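We did not get these values from a lab; they are worked out from the coordinates using the rules stated. In this text, all values refer to a predicted model and were calculated from it rather than measured experimentally. Glycine gets a Cβ as well: all are built from the backbone with ideal geometry, and neighbour counts include every protein chain shown.
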Amino acid sequence: DYEGLSNSMIEAVSMGMPSICTDCPIGGAKMVIHNGINGFLVPVGDCDGMAKAMDNASDIAYCSKVSENAKKTAERFSEKRIVNEWLRII
């Protein structure tokens, strides 16, 4: 019901996995996943929404596009970009 920014979610999305995540109140998943674009977000406790997301994830053509968009997400978490952000902050 509550999770921050999940490393395993970032890794899966960055590898192009069409990921289904719950949209927890703290908002970690929605910082990475744009519903239907690079993955799927489902409200916490929404069984019908989860079933629909799973159905969407079974559509090979749709998921190919989601997968390509998901791989682009990796650019946001590249080593070079993260190091530059830390240097900017420090």
Expected max-MSF residue from Ala61, Ala29, Ala12 in the GNM of the chain (alpha carbon, under 10 Å) is Ala61
Extension gain Tyr2-Asp59, at 0.36 nm per residue separation less the Cα-Cα distance, in nm?
-> 17.6 nm
Per DSSP, loop chymotrypsin sites (Phe, Trp or Tyr not before Pro) in the stretch 1-75 with at most 15 further Cβ within 10 Å = Tyr2
Would you mind calculating the gained length between Leu87 and Met15 on full extension (0.36 nm times residue separation, minus the Cα-Cα distance), in nm to one decimal?
-> 23.3 nm
Springs between alpha-carbon atoms under 10 Å, Gaussian network over the chain: tell me which of Met15, Met50, Met31 tops the mean-square fluctuations.
-> Met31
For the Cα atoms of the chain, what angle does the longest principal axis make with the long axis of helix 79-89, in degrees from 0 to 90, nearest 10?
-> 60
The chain - mean residue ellipticity at 222 nm from DSSP helices (-39,500 (n - 2.57) per run, n ≥ 4, rounded to 500) | -15000 deg cm²/dmol
